[in-house]
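Note sheet for the following structure.
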Amino acid sequence: MAFIALLLVAVGLAAGTVGSLVGLGGGVIIVPALIFLSRWFGQLAVTPQVATGTSLAVIVVSSLSSSIAYYRQRKVDFKSALLFFAGSGPGAMAGAALNARMTGGGILIGFGAFLIAMAFLLAVRDRLGKRHMRWTVRRTYTDPASGETFEYGYAKSLALAVSFATGMLAGLFGVGGGALMMPVLLVLFHFPVQVAAATSMFMIFLSSLPGTFTHAHYGHIQWLYAALLAPGAWAGGKLGAWLSLRLKTRTLTLILRLMLVVIGLRFIWDGVQSM
């Protein structure tokens, strides 16, 4: 059991670091890791529902850690994040409730398809040209390092709709949902990339709370595993925010995309086999 505990701490560290760097939240690493470890070590006994619920509980910790670090860097747009939470909070609760009504095979297939879709979004988000839309809310951000000022904004109705979808993905699959939110922030709303990551992580923290409470209501959280994952996730969240100032994330994102496709295909195969 000591070896498994160390593995879970390491998984939490990896999830927190990668999630903070690319604005995902880390669930795309925690959920597959829990499911695969439960197959290799029978004593873990983790179902897909428990994996998603436990992952979301850990994302509360990792996203809070990242948010605190980004706040100290003055990169979080709190007003925008709170508006996004008005959509993502109810969405997370709806997604968690839907998760409780799905079969294990259905969750595996859905999560596998989600991972492949996220790999695609990560591949194209930096190549998409900015789209010009009518904004009802406008913001400005001045980079403290370069002094450059950026203008960005959004239409409230579209922001709430996308946020609801993001929250539903978080509750349904135990992920942060940032892979959906980040391209929208960058392409449609013209957020500066670091402000987008920071604001996305804070929104993930807020929306993960009601999603976690809903999963707890259904008994889908293994609190011991969450407690083992949380310290690594907390440290990883801070590490990812620190590395964001020093590393180019292109290579890391490429590796993550390949990993998501391979794991996604495996999940779809396993889900079909179990149905």
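All of the numbers you see were taken from the coordinates with simple rules; none came from a lab. Note that the coordinates shown come from a computational prediction; the quantities given were computed from them, not determined experimentally. Neighbour counts are summed over all protein chains in view; Cβ atoms, including those assigned to glycine, are modelled from backbone coordinates with ideal geometry.
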With label points built 7 Å along Cα→Cβ from the Cα atoms of residue 254 and residue 142, find their separation and express it in nm.
3.8 nm
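Would you order 215, 220, 190 from fewest to most other beta-carbon atoms within 10 Å of each residue's own beta-carbon?
Working: 215 29, 220 23, 190 19.
Ascending Cβ contact count within 10 Å gives the list 190, 220, 215.
From the convex hull of the Cα coordinates of the chain, what is the mean projected area in square nanometres? It would help to have the intermediate numbers written out before the result.
Working: hull surface 52.9 nm².
Computing the convex hull of the Cα atoms and averaging its projections yields 13.2 nm².
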Helix 2-22 sits at what angle to the longest principal axis of the chain, using alpha carbons and giving 0 to 90 degrees rounded to 10?
20 degrees
What percent does the relative contact order of the chain come to when contacts are Cα pairs within less than 8 Å and at least six residues apart?
40 percent
Of segment 182-209, those with amide N under 17 Å from the point 7 Å along the Cα→Cβ vector of residue 151 are 188-192
Report the one residue of 155, 202, 10 whose Cα lies farthest in the direction of the positive end of the charge dipole of the chain (charges on C-beta: Lys and Arg +1, Asp and Glu -1; origin at the Cα centre).
155
Lysine pairs in segment 2-274 8 or more apart or on different chains: how many have alpha carbons under 24 angstrom apart?
10
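Explain nothing, just the number: dipole magnitude of the chain about its Cα centre with +1 on each Lys and Arg Cβ and -1 on each Asp and Glu Cβ, in debye rounded to the nearest 20. Display every interim value, and only then the final one.
Numbers: 20 positive and 6 negative charges, 114 e Å.
My answer is approximately 540 debye.
What FRET efficiency comes out for residue 10 versus residue 134 if R0 is 45 angstrom and r is the Cβ-Cβ distance? Round to the nearest 0.05.
On the way: r = 47 Å, r/R0 = 1.04.
The formula returns an efficiency of 0.45 here.
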Specify the angular offset, from 0 to 90 degrees and rounded to the nearest 10, of the alpha carbon long axis of helix 48-72 from the longest principal axis of the alpha carbons in the chain.
30 degrees
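Take the Cβ-Cβ distance between residue 193 and residue 117 as r, set R0 to 25 Å, and report the resulting FRET efficiency rounded to the nearest 0.05.
0.75
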On Cα atoms only, tilt of 193-217 relative to the major axis of the chain in degrees:
40 degrees
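Given 0.36 nm per residue, what is the gain on full extension from residue 72 to residue 245 after removing their alpha carbon distance, in nm?
Values: separation 173, 0.36 × 173 = 62.28 nm, distance 1.27 nm.
Additional length available on full extension: 61.0 nm.
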